[in-house]
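Read through the structure below, which is laid out as structure tokens, and then see the notes.
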Amino acid sequence: MQTSIFENDDTMPAVVKKAYSEVLPRFLGAAGEASLSGDALELAAAFGDAGVFSSVIGEKTDLRNESEKKLVQGFQRNIELLVQKTWVEKADEAMKEEMIFRIKTLCSNLSRYDYHTALSEFLPVLHDVVYLLFGSLAKHDGFLEYAVRIDPDFGFFWYYINNVPPHKDWSEEKCRVAVLLGICFLANF
């Protein structure tokens, strides 16, 4: 992937540049556990979050569960609607129907707070949704640059989902934060 676009583009927001060069590498690395909340908030800001993520991540357990539930419901509504309204080639109609089922399965795991499983399901679902939206262009090497040009927040989000591994060895909390970051972006997309 050509990532120099994040460093060399003078119009790139500073929050995205910092998230790319400092915050995401720290979040993905082992040291990310120590600064998990702070890094997550900075990543959310790079995605263009207007405070929704901070309210979910910072609340006490009872309130957090309710906030997460609302966030997941918003995500499910938005992403299902996005998939349903997307025009696709006839050859991709079956994939479109399968995506609705996979989104429901993912959200079911999220409602049980099973974030290890959700993370491993989440990333392929997102890749397939982006494929439905952009077609074969999403599979080309130049798609990152295209996505950044469309919207730097979306471009950084695409970079994020291509770099987050489906880590089974991450803590449940780190998996939770990684998934909720993506959900927060897409719930408000």
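The values are calculated or read from the model by the stated rules, or taken from the named source; none is laboratory data. Computed from a prediction, not measured in an experiment: that's the story for all the values here. Positions of Cβ are generated from backbone atoms using ideal geometry, with glycine treated the same way; all protein chains shown enter the neighbour counts. For the accessible areas, the whole protein counts, side chains as well, though only heavy atoms, and no ligand, DNA or RNA atoms are used. Shrake-Rupley method; radii C 1.70, N 1.55, O 1.52, S 1.80 Å.
Couple of notes before you dig in:
To keep it simple, each residue is scored yes or no on (1) among the acidic types (Asp, Glu); (2) farther than 29 Å from Val15 by Cα; (3) touching a strand residue (DSSP E or B) at 6+ places or on another chain (Cβ under 8 Å).
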| site | (1), (2), (3) |
| --- | --- |
| Leu71 | no, no, no |
| Arg77 | no, no, no |
| Leu81 | no, yes, no |
| Gln84 | no, yes, no |
| Met99 | no, yes, no |
| Glu121 | yes, no, no |
| Leu126 | no, no, no |
| Glu172 | yes, no, no |
| Ile183 | no, no, no |
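- Applying the set (1) touching a helix residue (DSSP H, G or I) at 6+ places or on another chain (Cβ under 9 Å); (2) in contact (Cβ under 8 Å) with a residue 12 or more places away in the chain; (3) closer than 29 Å to Thr11 by Cα to Gly38 leaves exactly one unmet item: (2).
- Segment 10-31: number of residues that are acidic (Asp, Glu) and modelled with pLDDT under 80: 0
- Test for Glu59: is it in a helix (DSSP H, G or I) and modelled with pLDDT under 85: no
A quick yes/no check of all residues on (1) within 17 Å of Val125 (Cβ to Cβ); (2) aliphatic (A, V, I, L, M); (3) at pLDDT below 90:
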residue	(1), (2), (3)
Leu144	no, yes, no
Phe157	yes, no, no
Ile161	yes, yes, no
Val164	yes, yes, no
His167	yes, no, yes
Val177	no, yes, no
Phe185	yes, no, yes
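- In the set (1) within 21 Å of Ala19 (Cβ to Cβ); (2) without any contact (Cβ under 8 Å) to a residue 40 or more places away in the chain; (3) of a type outside the set (D, E, K, R); (4) surrounded by fewer than 17 Cβ atoms within 10 Å (Cβ to Cβ), Phe101 fails one condition alone, (1).
- Candidate set: segment 32-50, residues that are of a type outside the set (Ser, Thr, Tyr), in a loop (DSSP other than H, G, I, E, B) and at pLDDT 80 or above; chosen: the one least open to solvent (accessible area, probe 1.4 Å): Phe47
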